[in-house]
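What follows is a short report on a single structure.
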2 protein chains.
Amino acid sequence: MDPIDLDDVLATFGDAWSPRIVTRVNDYDIRLARFAGEHVWHVHDDTDEFFLVLDGEIEIGLRDPQERVVTLSRGQVLVVPKRTFHKPSSKEGASVLLVEPAGTLTVGDAHDEVPAHVDVTTGHLI
Amino acid sequence: MDPIDLDDVLATFGDAWSPRIVTRVNDYDIRLARFAGEHVWHVHDDTDEFFLVLDGEIEIGLRDPQERVVTLSRGQVLVVPKRTFHKPSSKEGASVLLVEPAGTLTVGDAHDEVPAHVDVTTGHLI
């Protein structure tokens, strides 16, 4: 039960779209990810997903149901509701804190073809 | 489903120990609180509690079971496990993001006498 410095965790990895599990709150993960370029359209059937931009700027494509894109800067948050297709991206790169149930897959329960640069994972322990 | 700026939310209130519910992830709250001075020793029987310092510095007294104090600076996180008595404080003031189940009371399920400056609440909607 010691404090964890998010910058220290970020310093341990450089790969985008490969979230690290910083800690757990009950059965929820607190994850840290680098975003760079484009993720993939995907949907979580059973869970919302929380994004907090710690550094940089990200876009999240949404189909709710009309397709649109929201932009989040440092210090801004968004919850993507369950059953909403979304596609995160970042033009210049960003670091993002995520909150979601442990076991949630990065590409959700349905998704477009996953490009090689996207890590299909439930998160990596630090 | 629009981004929320945490600084904008912080600008709407000045009172310490009175968390605002910024958004919800399934049945979890994302709360934002100002810390200043001392909270109260308390314990949550059934839930962990997540702290992320957005600005300033905080201390969290812990009885696990020996009493000790951990200090968190900006960008540092801590999870206080369920059934661990704890007492947050901040000498100079701080803003903190909290993650915990909706309905979680600020003073937990058991606590010392609550001082007047501590808001007994499950969080206020923004």
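The values are calculated or read from the model by the stated rules, or taken from the named source; none is laboratory data. The structure displayed is predicted, hence computed values, not measured ones. Every residue, glycine as well, gets a Cβ built from its backbone with ideal geometry; the counts of neighbours run over all protein chains shown. For accessibility, only protein heavy atoms count, side chains too; no ligands or nucleic acids. Shrake-Rupley method; radii C 1.70, N 1.55, O 1.52, S 1.80 Å.
Burial of accessible area (probe 1.4 Å, heavy atoms of protein chains only) in region B:48-62, relative to its chain alone, reaches at least 20 Å² for B:ASP48, B:PHE50, B:LEU52.
FRET efficiency for the B:ARG63 to B:MET1 pair, using the beta carbon distance and R₀ = 35 Å, is estimated at 0.30.
Phi angles of region B:85-95 translate, via the Karplus equation with coefficients 6.51, -1.76, 1.60 and θ = phi - 60°, into HN-Hα couplings of 5, 8, 9, x, 7, 8, 5, 9, x, 7, 10 Hz per residue; Gly and Pro are given as x. With its label point defined 7 Å out from Cα along the Cα-to-Cβ axis, B:ALA102 lies at 2.3 nm from the matching points of the other copies, in increasing order.
Computed extension gain for A:GLU92 through A:ARG74, at 0.36 nm per residue and net of the alpha carbon distance, reaches 5.2 nm.
Inter-copy label distances at A:GLY37, using a point 7 Å along Cα-to-Cβ, come to 5.3 nm with the shortest given first.
Of the solvent-accessible surface of chain A, computed with a 1.4 Å probe and all protein chains present, 46% belongs to carbon and sulfur. Compared with the rule-of-thumb size 2.2 N^0.38 Å for a compact globular protein, chain A has a Cα radius of gyration ratio of 0.98. Computed over protein heavy atoms with a 1.4 Å probe, the accessible surface of region A:13-68 works out to 35 Å² per residue.
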